[in-house]
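Data block below; observations after.
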Amino acid sequence: MNTDNCNQELRFYTVREVMKMMRIGKNLAYDFIQQVYIEQSPFPVIKIGSTYRIPKESFDQYSRKGHHAEEGSTSGANDIQ
């Protein structure tokens with residue numbers, strides 16, 4: 001199995017990348033991703049040690065929906081614009 005092909009197929013965002021894309025501060029980004037990790041909604045989040053990774057495809061789909069994927073969510077995901 002070629003690991004280069006595997007790395008190209010799997011793409012994850014870091015919290016820092018999500019922070020920049022959403023134009024929010026560091027603390028809000030970490031709070032948001034931590035809550036999404038706990039709920040695994042509106043997109044999955046992976047935690048390795050103390051590091052979070054967000055699958056690109058899932059986050060991009062969430063982002064295209066305008067951050068309103070989970071109406072009534074308690075995570076505050078709808079509040080981030």
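Side notes on the structure shown:
- Candidate lysines - alpha carbon under 16 Å from Lys65, same-chain residues fewer than 8 apart omitted: Lys56
- Taking amide H atoms as placed 1.01 Å from N in the peptide plane, the amide H of Tyr13 lies under 5 Å from those of Ile54, Lys56, each 5 or more residues away in sequence or on another chain.
Bear in mind these aren't lab numbers, they're just calculated from the coordinates by the rules spelled out. Please read these numbers as outputs of a predicted model, since none were measured by experiment.
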